[in-house]
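> Here it is: the structure, laid out below.
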Amino acid sequence: MLLAVLVRPVPRPRQQLLIVAALLAAVGFTYYLYLPPVGLAAILWLMRERRRARARRIPAVALAIAVTSAVPLAIGVLVAGQAGALLSVGSLRVGREGLVVLCCLVASGLLTGRGRRSGIWRSYALIFVPVAGFAVGMLAVQRLFGAGSGYYANKALFLVLALLLAGTGTLALHLPRRPRTVLNLRAASVLMAIVALVGGDRPDRLESRTTWLAGAGVDQVAYARAALGLTPGRPTVVVGDDPGYESYRLTLFISMLQRTSGEMAGATYHVGPINSPDRLDAVVVRMPGPMRLLVLSDDARTRAEALRRRHPSASIEIVSA
């Protein structure tokens, strides 16, 4: 929303400044990983519009809101030490091929005569630079100092993906100046791009990977299908042979499907490191009522039964995937 408002400002300049400041605060207080690139994009937009902003003066409340947006980021980095998590390795990965295809499609429209003359699309190109630069920087840092596929580096690429999908409207710049045709083909181009990139994934047909996003492996997909057959109503925790992340992710998946996320939130979040050997014991202690352990292997069943013996007062059901 913030990037869209930077590209297509509202008619009233003072209202625009307040909206930009409010959306910066929204980013800062919800997912501040994206605050540096979108904050820089807002600064670049303000520099471009400095004459108008100077003529009308920037409202003090807008400056206050914009500065406040950085408070969670400062606390997370300086107090909570979350900067060390930037190099975390995860299974999340955005396919580079799809991004390259989308980038070429968008660039082909931006480089047309109509695209170069359009203030809207020049603004789009301006804000694309910090967003893409941030993602490239995250990938470079991950390669230099980290290992494997960086979780947050790929999260940064998601922002690039969203901006590129919005930018596929530039394909309409190749068409004749017929407003109705342009509008219809612009919508069709976005739809075709999404369908082509996502491929055959649908809720009724899970695939192990897509052309642009490497999803769960075949075994995780099989476990997810098995989880769909569980009787709903009882909070379910997955016990597998992985270090903890995959089991945790599948636990979240099942709780979302069965609508038990709120009931088991106290036993899901802030229970300690996901890969801690004591995590399951802490989960059982904090679970508010009866629970189910979904075991993914024989070894997992052995650990689940040992866990049940350690907590005889807890109501624990053990089932196999």
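> Taking the stretch 241-288 as the search range and keeping residues that are closer than 19 Å to ARG308 by Cα and small (Gly, Ala, Ser), which one is surrounded by the most Cβ atoms within 10 Å (Cβ to Cβ)?
SER247
> So for the stretch 31-38 (the condition being free of Cβ contacts under 8 Å to residues at least 60 places away in the same chain and surrounded by fewer than 17 Cβ atoms within 10 Å (Cβ to Cβ)), does at least one residue qualify?
Within the stretch 31-38, one or more residues are free of Cβ contacts under 8 Å to residues at least 60 places away in the same chain and surrounded by fewer than 17 Cβ atoms within 10 Å (Cβ to Cβ).
> Only one residue in ALA153, ALA147 is modelled with pLDDT under 95, of a type in the set (A, V, I, L, M, F, W, C) and assigned to a helix (DSSP H, G or I), so which one is that?
ALA153
> A further question follows. Determine if the stretch 308-321 includes at least one residue that is open to solvent by less than 50 Å² (accessible area, probe 1.4 Å) and in contact (Cβ under 8 Å) with a residue 60 or more places away in the chain.
yes
> For the condition under 19 Å from PRO11 (Cα atoms), β-branched (Val, Ile, Thr), modelled with pLDDT of 85 or more and surrounded by fewer than 18 Cβ atoms within 10 Å (Cβ to Cβ), what is the one hit in ILE75, ILE120?
After ruling out the rest, the residue left standing is ILE120.
> Conditions first: (1) open to solvent by 40 Å² or more (accessible area, probe 1.4 Å); (2) in contact with an Asp or Glu (Cβ under 8 Å, 6 or more places away or on another chain). LEU293 passes all but one, so which condition is the exception?
(1)
> Could you name every one of the helices (runs of 4 or more DSSP H) located completely within the stretch 27-144 that has at least 1 residues being more than 19 Å from LEU165 (Cα to Cα) and hydroxyl-bearing (Ser, Thr, Tyr)?
60-68
> Which residues, taken from the stretch 88-113, are open to solvent by 60 Å² or more (accessible area, probe 1.4 Å), in contact (Cβ under 8 Å) with a residue 12 or more places away in the chain and not acidic (Asp, Glu)?
Result: VAL89, ARG93, VAL101, LEU105.
> Restricting attention to the stretch 147-166, and to residues there that are over 16 Å from LEU35 (Cβ atoms) and touching a strand residue (DSSP E or B) at 6+ places or on another chain (Cβ under 7 Å), which single residue is surrounded by the fewest Cβ atoms within 10 Å (Cβ to Cβ)?
Here the residue is ALA147.
> Step by step: first the residues of the stretch 1-12, then only those that are assigned to a helix (DSSP H, G or I) and either open to solvent by 50 Å² or more (accessible area, probe 1.4 Å) or in contact with a Phe, Trp or Tyr (Cβ under 6 Å, 6 or more places away or on another chain) (or both), then the one that is nearest to ILE58 (Cα to Cα). Which residue is that?
Among residues in the stretch 1-12 that are assigned to a helix (DSSP H, G or I) and either open to solvent by 50 Å² or more (accessible area, probe 1.4 Å) or in contact with a Phe, Trp or Tyr (Cβ under 6 Å, 6 or more places away or on another chain) (or both), the one nearest to ILE58 (Cα to Cα) is LEU6.
> Then there's this: Could you list all residues from the stretch 246-272 that are closer than 19 Å to PRO290 by Cβ and in a loop (DSSP other than H, G, I, E, B)?
Selection gives GLN258, ARG259, THR260, SER261, GLY262, GLU263, MET264, THR268, VAL271.
> Still on this structure: Filter the stretch 123-143 for residues that are open to solvent by 60 Å² or more (accessible area, probe 1.4 Å) and touching a residue at least 12 places away in the same chain (Cβ under 8 Å); which is nearest to ILE43 (Cα to Cα)?
Here the residue is VAL129.
The values are calculated or read from the model by the stated rules, or taken from the named source; none is laboratory data. Bear in mind the structure is a predicted one, so any value in this text is a computation, not a measurement. Positions of Cβ are backbone-derived with ideal geometry, glycine not excepted, and every protein chain shown enters the neighbour counts. Just so you know, the surface numbers come from the protein's heavy atoms only, side chains and all, with ligands and any DNA or RNA stripped out. Shrake-Rupley method; radii C 1.70, N 1.55, O 1.52, S 1.80 Å.
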